[in-house]
Amino acid sequence: MGQAYDNFKKEAESSGYNVNADVEFVEMLLENIDVNIERYGYGACPCRLASGEKEKDLDLICPCDYRDEDLDNYGACFCALYVTQDVLDGKKKLTSIPDRRLKELELKKNKKTQSNEDNVSSLNFEFPVWRCKVCGYLCSRPKPPNKCPICKVDAERFEQIL
Amino acid sequence: MKLEHVDGENKGNIVLFALSTCGWCKKTRMLIENLGVEYNYIYVDLTNGDEREEAVETLKQYNPDISFPTLVINDTDTIIGFEEDKIKAKLS
């Protein structure tokens, strides 16, 4: 007990994130992400309902696309696997939070249909610009990196923004 | 939709929509069991096909965000998330 927690914490802190101090709670979540890897072939968020189709669930693979905004707004991600320093310091109370996922997906869908072609850049970059949907890391190269160098998610979590 | 039953004191018709993998769902179940209240639950992530569809559609009527845990009391009161104080207030 504690080894999985320590490894996860070290990894998270190396990319500037804080982990919930409740070792037992975090290890339970980590075990259940492994359950989802066994079940679906990818580490779906243990606190959300995965469809079983990776394409549909990319946004909820841990760390999910909603982590950073939830940390900003509530001091924790939806599962409370990741928390902010304020929560660790006891300045902010850790509580269960609303799930923004379905509303965000709906919003994104509407945005896409509204301005489908508006997004074409007038800037003339030699390479397209890729954005990590999890942590916002940007890079300009022919293809996104295999792994985000900041938050370590896979290439398929990147979107082309320019 | 097959519900699992947990015995306890009858405080009305209590149904918990949960995921078997979720930390807040686990806390919610532990709270209800510590309160010793009779309830039914379904782990929606363990359902498939028609049963999954039925469970999601039913949950959606109470919680359009389809998030977990969602506790439904007597078909009328819905508590979304691990809201310890609200759950205690309703079930104590």
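The values are calculated or read from the model by the stated rules, or taken from the named source; none is laboratory data. Computed from a predicted structure; not experimentally measured. Note that each Cβ is placed from the backbone with ideal geometry, even for glycine, and that neighbours are counted across all protein chains shown. Only protein heavy atoms, including side chains, enter the accessible area calculation; ligands, DNA and RNA are left aside. Shrake-Rupley method; radii C 1.70, N 1.55, O 1.52, S 1.80 Å.
Accessible surface comparison of B:L31, B:L3, probe 1.4 Å, protein chains only, largest first: the order is B:L3, B:L31.
When A:F125, B:F82 are compared by accessible surface with a 1.4 Å probe, the order from highest to lowest is A:F125, B:F82.
Using a probe of 1.4 angstrom, how much of the accessible area of chain A is carbon and sulfur, in percent?
Numbers: 4650 of 9460 Å².
Carbon and sulfur: 49 percent of the exposed surface of chain A.
Here the simple spin-label model places points 7 Å from the Cα toward Cβ, and for A:Y40 and A:A155 these points are separated by 2.2 nm.
Within the stretch A:3-95, all pairs of alpha-carbon atoms sorted by distance into 10 Å bins from zero give the percentages 17, 49, 30, 4.
May I ask you to list the GluC sites (Glu not before Pro) in the stretch A:80-162 that are in a DSSP loop and have at most 12 other Cβ atoms within 10 Å of their Cβ? Here the sparse-neighbourhood loop sites are A:E117, A:E126.
Note that the protein assembly as shown presents 55 Å² accessible area per residue, ligands and nucleic acids not counted, probe 1.4 Å. Between A:L162 and A:K108, the contour length at 0.36 nm per residue exceeds the Cα-Cα span by 17.7 nm. The protein assembly as shown has equivalent-ellipsoid semi-axes of 35, 22, 16 Å, by the square roots of 5 times the alpha carbon gyration tensor eigenvalues, sorted largest first. Among the trypsin sites (Lys or Arg not before Pro) in the stretch A:65-162, those located in a DSSP loop and surrounded by at most 11 other Cβ atoms within 10 Å of their own Cβ are A:K91, A:K93. Applying a length cut-off of 18 Å (Cα extent along the axis) and a mean Kyte-Doolittle floor of -0.5 to the DSSP H helices of chain A leaves A:23-40. In chain B, the calculated helix contribution to ellipticity at 222 nm averages -11500 deg cm²/dmol per residue, counting -39,500 (n - 2.57) for every DSSP H run with n ≥ 4.
Remark on the stretch A:39-77: accessible area falls by at least 20 square angstrom from chain-alone to full-complex state for A:R39, A:P46, A:C47, A:L49, probe 1.4 angstrom. Buried accessible area between A and B (1.4 Å probe, both chains summed, ligands and nucleic acids excluded), in Å² to the nearest 100? Chain pair A/B: roughly 1700 Å² of buried accessible area. Segment B:E53..B:E84, full-extension length gain: 8.3 nm, with 0.36 nm per residue of separation and the alpha-carbon distance subtracted.
What a 1.4 Å probe finds exposed on chain B is 43% carbon and sulfur by accessible area, rounded to a whole percent. Compare each residue of the stretch A:24-38 in its chain alone against the assembly with all protein chains, and report those whose accessible area goes down by 40 Å² or more; 1.4 Å probe, heavy atoms. Listed in order, they are A:F25, A:M28. Taking the alpha carbon gyration tensor of chain B, multiplying each eigenvalue by 5 and rooting it gives semi-axes of 20, 13, 13 Å, largest first.
In the stretch B:11-36, burial by the other protein chains removes 40 Å² or more of 1.4 Å probe accessible surface, compared with the chain on its own, from B:L19, B:T21, B:G23, B:W24.
Working from label points 7 Å from Cα in the Cα-to-Cβ sense, the B:L46 to A:A21 distance is 3.4 nm.
Going 7 Å from the Cα of B:E38 along its beta-carbon direction, which residues of the stretch B:66-91 have the amide nitrogen within less than 16 Å of the resulting point? The answer is B:73-75, B:91.
Remark: spin-label model distance B:K60-B:D7 equals 3.7 nm, labels positioned 7 Å along the Cα→Cβ axis.
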